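Scroll down for the structure; my scribbles are underneath it.
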Amino acid sequence: MNTSSTASQCPCCMTAAVLLPSPAYTRCRCCGHRWRLPTEGLGYYETLVARNDLNTPWFKRKMRERVVAVSGLLETGSERVLEIGCAEGELGREIKARCAVTYDGVELSQDRLLAAQQLDTVFSTPASQVQAAPYDLIVSFHVLEHILRPEQEVAAWARLLSGQGRVLVEVPNQAGHPLLASDCNPEHLHQFTPASLALLLARCGFACQALSAGHYESPVYSDSLRLVAHLEPAADQRQQLLLQRFEQRTGGPFLVYGIGGDYLNYIAPLAESLHIRALLDSSAAKWGQRFGKHVVTGYDPQQHANLPVVICSIRFATDIRQHLLSVGIAAQRIIGLDSIYEDA
Ligand SMILES: [Zn+2]
């Protein structure tokens, strides 16, 4: 993956030669992203300490919201989580109190000493130097806007994730407050838009799962973007996952019932790789039509006994199910196409 860019390219969408000068920032006129060079020297973050006051109402408010967001992404409760910019480890402490996860952090500031008392492992190096893959979930709240080369950072996250892993990243929505025309915080090198954040993640191999705005960081940064994404699987990986779904639901050879548009769209492209025993339809007008090695016929209780039946219609599934029950097919043999695709 090529994530390099030059000063004349937007770091998120890589659009070239679209620079518009605006106060302090350079702005991409394609995705709206704004960025600037750092004024702080190298090693700035390593010197900082105690940046959060855990007792303020606004800190507690954002922490409550983040605990809900992160907990909602933990499916088994035993995942490996990495928080980029874990500060003093308060979010990880809250999550570990609720779930049996392994929770590691990356923290460059001196707050890592406090975090080390709360989390499993705290790395004092950038994510690009962490060697503890794979993680099931990487979370990062209000960190990416501080990093000069966000594309390199997000590419590092992609390398640290498992194949099924996800990221949750939150940054200020442009200036971070509806009343601020521009973000004057000198630490913030990037002002993201929904488009630029999604494009940056896509550029690094991620597929967006959810993108929302209006999340609370503090009174000044009350409008934050939050994006949840997973690694984009290759086309052949997607097909393998779908074939596994058919195998799990049917358990082996099966009949396909209802040969129409949904068959052509959702089953025919996979037919060579599926254990289809016969194509069936109640309409005699369809009998005799050939699809690949199969010819459509009616249901034959002798020939087709005991095999599972996949209803190949989303729209007419209820009617077809009733018909199959009426001709004596047991309910446990009947499988809806929806149940194969849903919640995958
Ligand atoms: Zn751009």
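Some notes on this structure:
- In summary, strands (runs of 3 or more DSSP E) completely within segment 213-326 and bearing 3 or more residues that are in the same structural domain as L74 (by TED's automatic domain parsing) occur at 224-231.
- Looking across segment 65-87, the residues that are over 27 Å from S196 (Cα atoms) and loosely packed, with under 15 Cβ neighbours inside 10 Å come down to E75, T76, G77, S78.
- Test: T3 is within 12 Å of the ligand (Cβ to nearest atom), open to solvent by less than 60 Å² (accessible area, probe 1.4 Å), more than 17 Å from H146 (Cβ to Cβ) and at pLDDT below 85: no
- Count of residues meeting criterion [exposed (fewer than 14 other Cβ atoms within 10 Å of the Cβ) and among the hydrophobic types (A, V, I, L, M, F, W, C)] in segment 221-237: 2
- Residues in segment 299-336 that are among the small types (G, A, S) and open to solvent by 20 Å² or more (accessible area, probe 1.4 Å): A305, A317, S326, G328, A330, A331.
- The combined condition, being surrounded by 16 or more Cβ atoms within 10 Å (Cβ to Cβ) and of a type in the set (S, T, N, Q), is not fulfilled by S212.
- In segment 23-42, the qualifying residues are those that are over 15 Å from Q9 (Cβ atoms) and hydrophobic (A, V, I, L, M, F, W, C), and the one that is nearest to the ligand (Cβ to nearest atom) is A24.
- Selected residue (criterion: most open to solvent (accessible area, probe 1.4 Å)) from residues of segment 238-264 that are more than 15 Å from P308 (Cβ to Cβ) and touching a residue at least 40 places away in the same chain (Cβ under 8 Å): L241
- Hits in segment 212-239 (condition: away from the ligand (no atom under 16 Å from the Cβ) and aliphatic (A, V, I, L, M)): A213, V220, V228, A229, L231, A234, A235
- Residues of segment 94-109 that are crowded, with 19+ Cβ neighbours inside 10 Å and at pLDDT 95 or above: I95, V101, Y103, D104, G105, V106, E107.
- Index of the failed condition, F291 passing every other in (1) touching a strand residue (DSSP E or B) at 6+ places or on another chain (Cβ under 8 Å); (2) in contact (Cβ under 8 Å) with a residue 40 or more places away in the chain: (2)
The values are calculated or read from the model by the stated rules, or taken from the named source; none is laboratory data. All figures in this text were calculated on a predicted structure; none of them were measured in a lab. For neighbour counting, all protein chains shown are included, and Cβ atoms are generated from backbone atoms with ideal geometry for every residue, glycine included. Areas reflect the complete protein model, heavy atoms only, side chains present, ligands, DNA and RNA absent. Shrake-Rupley method; radii C 1.70, N 1.55, O 1.52, S 1.80 Å.
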